[in-house]
Amino acid sequence: MPEANQLEPWQWPEDTWRTIVGTVRAGRSLTPASWSDGARVAVALSFDSDHESIPLRDDRRSPGVLSQGEYGARRAVPRIIELLGRHEVPATFFVPAVMATLYPDEQRRAIEAGHEVGIHGWIHERNSVLERADERRLMQQAADRLEEITGTRPVGIRTPSWDFSPNTLSLIRELGLIYDSSLMADDDPYELLENGEPTGIVELPPEWIRDDFPYFNMDRFGTARPHTPPSSVFEVFREEFDGAYEEGGLFVLTMHPHVVGHRSRIRMLDRLIEYIRGHEGVWFATHADVARYCLEQAKTEQPE
């Protein structure tokens, strides 16, 4: 009989597939009975400031490709911070540490404006293929560099490309983080389980439906040419918010400065924020604030 790792999936014994799906699993819901100050819905806007990190990760040195990422820092982030300030809305910026090093004033400005800066890898590495020691070193380096630049220790992570290795969750715990925002087992906050064990880590789920990248970003050397009209993306995001509002849940929106920061698309974001602000009982918060609130409420709402 071949070893389990030499078998086709249809040949696996039951304990093999149970082990695979059980490594990282969704645990108890952490959606509170109500949000801060009695709000009906929590809105957590986030920006993955990838900038030039992905071509650098892939050893792509073309100035043309790199310039698309540079746009995110040069034009988009200033527009985004101005827009958020005008609406008095906090957000979370997930930043690869190499980009934070390249643009330190950008991170300081975000912190000074009341936003959060969270971990997003070292150079947007493919962490799911790294050995544990390498993944641990890069995660620790990233946390240390963000703290060095901003003066604030990050408390949460969005892994590059939303990938997990078999070691990622245990490293998140080792680093003392309180939340992750990479996995998609629910619409609303939940506790992560590691091999069936509650971890105390809050998952704030993103989703590709609530991400600007699939709608807008073309592949220059492939066949993907989405370039969806911003009005259509607004419609999708609006419907996702409406669902969260009706259910009293969480609306996490993931955006990328070099994608959403262009003129036509930043107008869409402006319109979306205006729409959300037109509802009563909306709590705009950073990911860290949402995670802390969920943990606090989970303690007070536990049955005797």
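The condition (being crowded, with 21+ Cβ neighbours inside 10 Å, among the charged types (D, E, K, R) and within 30 Å of Gly64 (Cβ to Cβ)) is satisfied by just one residue among Arg225, Arg158: Arg158. Exactly one of these conditions fails for Glu304: (1) among the acidic types (Asp, Glu); (2) outside any loop (DSSP other than H, G, I, E, B); (3) at pLDDT below 95. Give me its number. So Glu304 meets the others, but not (2).
Out of the residues in region 192-220 that are crowded, with 19+ Cβ neighbours inside 10 Å, in contact (Cβ under 8 Å) with a residue 60 or more places away in the chain and of a type outside the set (A, V, I, L, M), which is farthest from Val43 (Cα to Cα)? Ranking the candidates gives Glu203 first. Taking residues in region 226-249 that are free of Cβ contacts under 8 Å to residues at least 12 places away in the same chain, and partners anywhere that are assigned to a loop (DSSP other than H, G, I, E, B), the pairs with Cβ atoms closer than 7 Å and at least 6 places apart or on different chains are His227/Met218.
Count of region 220-267 residues, restricted to those that are under 25 Å from Met99 (Cα atoms) and part of a loop (DSSP other than H, G, I, E, B), is 5. Count of region 63-83 residues, restricted to those that are modelled with pLDDT of 95 or more and either touching a Pro at 6+ places or on another chain (Cβ under 7 Å) or small (Gly, Ala, Ser) (or both), is 8. Just wondering, is there one or more residues in region 71-89 that are within 30 Å of Thr31 (Cβ to Cβ), touching a Leu at 6+ places or on another chain (Cβ under 7 Å) and in contact (Cβ under 8 Å) with a residue 24 or more places away in the chain? So far as region 71-89 goes, yes, one or more of its residues are within 30 Å of Thr31 (Cβ to Cβ), touching a Leu at 6+ places or on another chain (Cβ under 7 Å) and in contact (Cβ under 8 Å) with a residue 24 or more places away in the chain.
Of the residues that make up region 1-19, is at least one surrounded by 10 or more Cβ atoms within 10 Å (Cβ to Cβ), assigned to a loop (DSSP other than H, G, I, E, B) and of a type in the set (Ser, Thr, Tyr)?
no
None of His124, His87 is closer than 22 Å to Val290 by Cα and not aromatic (Phe, Trp, Tyr) except His87.
Note on region 45-105: enclosed helices (runs of 4 or more DSSP H) holding 2 or more residues that are of a type in the set (D, E, K, R) and out of contact with any Cys (no Cβ under 8 Å at 6 or more places or on another chain) are 77-87.
The values are calculated or read from the model by the stated rules, or taken from the named source; none is laboratory data. Predicted model, so just to flag it, every value in this text is computed and none were measured. Backbone-built Cβ (ideal geometry, glycine too); neighbour counts: all protein chains shown.
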